[in-house]
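Worksheet for the structure shown next.
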Amino acid sequence: MTPRIALRWQMLVLVLVIAGVLWLLAPVLTPFAIAAMFAYLFDPLASWLQRRGLGRNLAVTIVFLSLILVLIVVLLLLLPYLQRQIAAFFAHLPQWLGWFRDVAVPWLNEKFKLDLELPDTSQLAAILQEHWKEAGGAAASIVSQISKSGIAVLSWMMRLIVIPVAFFYLLRDWHMIIDRVHDLLPRSVEPTVTRLARESDETLGGFVRGQVSVMIVLGVLYAIALLAVGIDVGPLIGMIAGLISFVPYLGSITGVLMGVIAALVQYHDWTHVILVVVVFVVGNLLEGYVLVPRLVGEKIGLPPLAVIFAILAGGELFGFLGVLLALPIASVAMVLLRYAYERYRASALYRSGRDAVIVVPGDTQAATTTAIIAKPESPSGGA
């Protein structure tokens, strides 16, 4: 076995070992993955403050405290309003379910010759309303179930506390960690890995920051537009549609379905239904032609089906950690696929048949042509 082949086998074994460790420790690594994602997102801000003359520790402290302050302010302002929206949602839920059972299902059965039957949902709606009016009765029930295992509660709390702590230290030592990983790379592959890592950073950074911006902008736009249309729970529907818009078309489809049902139940006319549809059509156009090109651009280049597959595959293989890392890994995979494509185009396998002339049986003109396959020249320049 040549040293080059041995090196490739060693690298393959190393990659498999790392993948196996990640798979085994996925539940433990989830808070660290979340912290690393935040550190990656806000490292440019800390570096910008550092270039303005601040020390790294001071810059990271300012970023960390600013994020905590923003989170507290948002929660204080948003949570009461969100609570009212959820209360309105549960108040309208019996009407929605009743409309779907008494109007939508009979219409579908008559129109498409179906035999759909929807079970009585009044009891379910009553239970949900009762829990909500009890100010967290459902949540208290869940907590009581979990609290039967003190170890489970302690583990959950520890993972929650780990996220901000790990975020602070990862953000502070981000560049040192990158330098250490760079120093550990085998020198034979260091130039290639460095180039791919740089391209992956450009792709991943632009995509993640841009996609988060698109989600926030879409959520705010949908919420304001649905509130202007007159939908009582419009802001809640808009926020939900915006937050899940990272999955192609899922946000728009979910928002349209929820908004149309809310409009029909609340107003019983087609005017508000059309207005709801117009809101999401305009939002989808803004997303496709304004927000994504300006905020995300062609940073990832994944088709919608590939994005959906990446999320489902990540969740199936690694659970919540896989869903969290699905799109970042997919964006890096695009860089690796482009590199593999370049290597293939430059390989002897691709170039070996380019000068071949294929004779087609029965073609009299081609029958006089001899198939010539290009042979590599000898070191002396002869054939």
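The values are calculated or read from the model by the stated rules, or taken from the named source; none is laboratory data. None of the values given here were measured: they were computed from a predicted structure. So basically every Cβ, Gly included, is an ideal-geometry build from the backbone, and we count neighbours across all protein chains shown.
Yes/no matrix, rows are residues, columns are (1) modelled with pLDDT of 85 or more; (2) within 25 Å of Ala46 (Cα to Cα); (3) in contact with a Ser or Thr (Cβ under 8 Å, 6 or more places away or on another chain); (4) not in a helix (DSSP H, G or I):
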| position | (1), (2), (3), (4) |
| --- | --- |
| Ala135 | no, no, no, yes |
| Met157 | no, no, no, no |
| Val165 | yes, yes, no, no |
| Leu170 | yes, yes, no, no |
| Pro186 | no, no, no, yes |
| Thr194 | yes, yes, no, no |
| Phe207 | no, yes, yes, no |
| Met215 | yes, yes, yes, no |
| Ala223 | yes, no, no, no |
Within segment 154-196, track down each residue that is more than 23 Å from Ile68 (Cβ to Cβ), surrounded by 13 or more Cβ atoms within 10 Å (Cβ to Cβ) and in contact with a helix residue (DSSP H, G or I) (Cβ under 8 Å, 6 or more places away or on another chain).
Leu185, Val189, Glu190, Leu196
Run Ala59 past the list (1) touching a Phe, Trp or Tyr at 6+ places or on another chain (Cβ under 9 Å); (2) surrounded by 14 or more Cβ atoms within 10 Å (Cβ to Cβ); (3) in contact (Cβ under 8 Å) with a residue 60 or more places away in the chain; (4) more than 20 Å from Gly206 (Cα to Cα) and report the number of the one that doesn't hold.
(3)
Quick check on Val260: is it crowded, with 19+ Cβ neighbours inside 10 Å, out of contact with any strand residue (DSSP E or B) (no Cβ under 9 Å at 6 or more places or on another chain), at pLDDT 80 or above and assigned to a helix (DSSP H, G or I)?
no
For segment 1-52, enumerate the residues that are surrounded by fewer than 16 Cβ atoms within 10 Å (Cβ to Cβ), among the charged types (D, E, K, R) and assigned by TED's automatic domain parsing to the domain that holds Ser155.
Arg51, Arg52
Is it true that some residue in segment 2-18 is at pLDDT 80 or above and not in a helix (DSSP H, G or I)?
no
From the set of residues in segment 70-124 that are among the β-branched types (Val, Ile, Thr) and at pLDDT 75 or above, which is surrounded by the most Cβ atoms within 10 Å (Cβ to Cβ)?
Val105
Out of Gly283, Gly242, Gly301, which single residue is at pLDDT 90 or above and either under 14 Å from the mean Cα position of the chain (by Cα) or of a type in the set (A, V, I, L, M) (or both)?
Gly242
Has segment 236-245 got any residue that is outside any helix (DSSP H, G or I) and either in the same structural domain as Leu327 (by TED's automatic domain parsing) or among the basic types (Lys, Arg) (or both)?
yes
